[in-house]
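Chemist: Below is the structure I would like to discuss, written out as structure tokens.
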Amino acid sequence: MEPQRTLVLPFPPPKSNNALIIGLVIGLAVLLVGGGAGAFLYLRGSVSKPTVALPSAEPFPTAATQPPSDPPSETAAPSDPPTSEPPTPTPSDTQTSSDRVDPGSPLTDKEFDDWDFKLGDVKLQAKRVGGWTYSTCDPVDGRGVLAQNHCRRAIQLAYSAYGGHIKAVQVMMSFPSEQAAKKAATRLATLDSNAVKWRKDKAHRTYVYGKMRSGVAKNYVVVTVLTADKTAKSLATYYHHYLQSDHASYFLFRDLTITS
């Protein structure tokens, strides 16, 4: 079983970027998707661990974050969010990209548009506000773990939901094999959050919810960072779980060859 953890940003959050603190949370369940075709982990229950400090250096230039507007009335969000983890989506329930790519083609951010998720009565949306494609994994490799495991390519995506009260950044990395992806994820699980660089300028500067989730889907590793302010606190876990699970599920079928 591949190790999994969720990095928790502090409450109350810092007023500057100089000394973010994270808490270590260990996921207690494994999510199997696609009848054994692949697996990734998600948080069902958690235990708090000692905190460690993040360095003040920013891996990317910081841009001023505009204050979120009021959530629009048309935003589709659960009216009564559950206190426990929501049910798990399966790949057949969702489609996360506008066009199917050629199996084995290089990973690009263009594969992902605005997020429009539907599963039964659940309807969640997030607007894509940024996308970056890197020809190597160097720009997101904070500790050399990705290079050591021959990470081939990486992308980043930035999303905004619920009128800007929820913001998410995803880092997706491709590896030459499932074994290499699992090995990298296993090593990353033993390190702090600096092991993967992500666009901090696309998250809230202050927040009441701030966590990082990660998982493996075949030969891809998906990391999702999500922050939310007080208005969207009750929806944050809901959005975080579904965004991570939905996009990880996409990679279970991305490189399959379909024959008629």
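The values are calculated or read from the model by the stated rules, or taken from the named source; none is laboratory data. Note that the coordinates shown come from a computational prediction; the quantities given were computed from them, not determined experimentally. Quick reminder, even Gly has a Cβ in these numbers, built from the backbone with ideal geometry, and neighbours come from all protein chains shown.
Chemist: If we keep just the residues of segment 227-260 that are assigned to a helix (DSSP H, G or I) and touching a Gly at 6+ places or on another chain (Cβ under 6 Å), which is surrounded by the fewest Cβ atoms within 10 Å (Cβ to Cβ)? Walk me through how you get there before you give the answer.
Modeler: So in segment 227-260, the residues assigned to a helix (DSSP H, G or I) come out as 230-253.
Narrowing the set further to residues that are touching a Gly at 6+ places or on another chain (Cβ under 6 Å) leaves 248, 252.
Numbers: Ala248: 31, Leu252: 20.
Among them, the one singled out is Leu252.
Chemist: While we're here: What's the total number of residues in segment 161-196 that are surrounded by fewer than 21 Cβ atoms within 10 Å (Cβ to Cβ), in contact with a Gly (Cβ under 8 Å, 6 or more places away or on another chain) and under 22 Å from Thr108 (Cβ atoms)? Talk me through it step by step, then tell me what you get.
Modeler: Step one: filter segment 161-196 for residues surrounded by fewer than 21 Cβ atoms within 10 Å (Cβ to Cβ), giving 163, 176-180, 182-183, 186-187, 189-192, 194-195.
Still in the running and in contact with a Gly (Cβ under 8 Å, 6 or more places away or on another chain): 178, 194-195.
Now drop any that are not under 22 Å from Thr108 (Cβ atoms), which leaves 178.
Going through segment 161-196 one residue at a time, the tally reaches 1.
Chemist: Could you please let me know if Asp229 is at pLDDT 95 or above and more than 13 Å from the chain's Cα centre (by Cα)?
Modeler: Numbers: at pLDDT 95 or above: yes; more than 13 Å from the chain's Cα centre (by Cα): yes.
Here the answer is yes, as Asp229 does meet what is asked.
Chemist: Something else now. Failed condition for Met212, given (1) at pLDDT below 95; (2) under 23 Å from Trp132 (Cα atoms); (3) not in a strand (DSSP E or B), with all others met?
Modeler: Single failed check for Met212: (3).
Chemist: Considering only residues that are among the charged types (D, E, K, R) and in contact with a Phe, Trp or Tyr (Cβ under 7 Å, 6 or more places away or on another chain), which ones fall in segment 131-166? Reasoning before the result, please.
Modeler: Applying the first criterion (among the charged types (D, E, K, R)) to segment 131-166 yields 138, 141, 143, 152-153.
Hits for segment 131-166 are Arg152, Arg153.
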